[in-house]
Amino acid sequence: MLRLLLLMVLVPFTGRSQTESPANHYNQYLADSLGADAYGMRMYQFVLLKTGDSTITDKEKVTVLFKGHMENISKLVADHKLIIAGPFAKNLLQYRGLFIFTTKTKEATEALLASDPAVKSGLLKTEIYGWYGSAALPMYLPFHTQIEKSKH
């Protein structure tokens, strides 16, 4: 009896995974809406943030600049221009964080970075690289808002 019950429960799951391939789940509308190529990928702009060359000793001014940096990140996310942003742990190379932009060109990315007070002031400097990744990457953002208890 237990064997029959296990078969009834497990067979639908094992049978499905063996007979269906990922191609059976292809969604043309979704792929098109995300700008996906045939591999489900697209180009992004990957930005490394490093410690800049500017030295500002006024701690209040630094606080204001980094507050503006965080506000700018929120604005760029709301505008669907920025999909990943986050800091690195301390490291010897002085990498401070990363951005992944939905922009297609380095020039468009530079224009957006010019709106960041910490970059404009020289507290942060940037390196920009084209990056080929999953077109589904922006889809995590609505879920993030559901698990974010408080903002910065």
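Cross-link partners of K120 among lysines, defined as those whose alpha carbon lies under 30 angstrom from its own and excluding same-chain residues fewer than eight positions apart: K50, K59, K61, K67, K75, K81, K90, K104, K106, K151. Site pair Y26 and Y129 shows an inter-label distance of 3.1 nm when each label is modelled 7 Å from Cα along Cα→Cβ.
Throughout, read-outs are computed from the coordinates displayed, never taken from laboratory work. All figures in this text were calculated on a predicted structure; none of them were measured in a lab. FYI the Cβ positions are ideal-geometry reconstructions off the backbone, even for glycines, and counts take in every protein chain you see.
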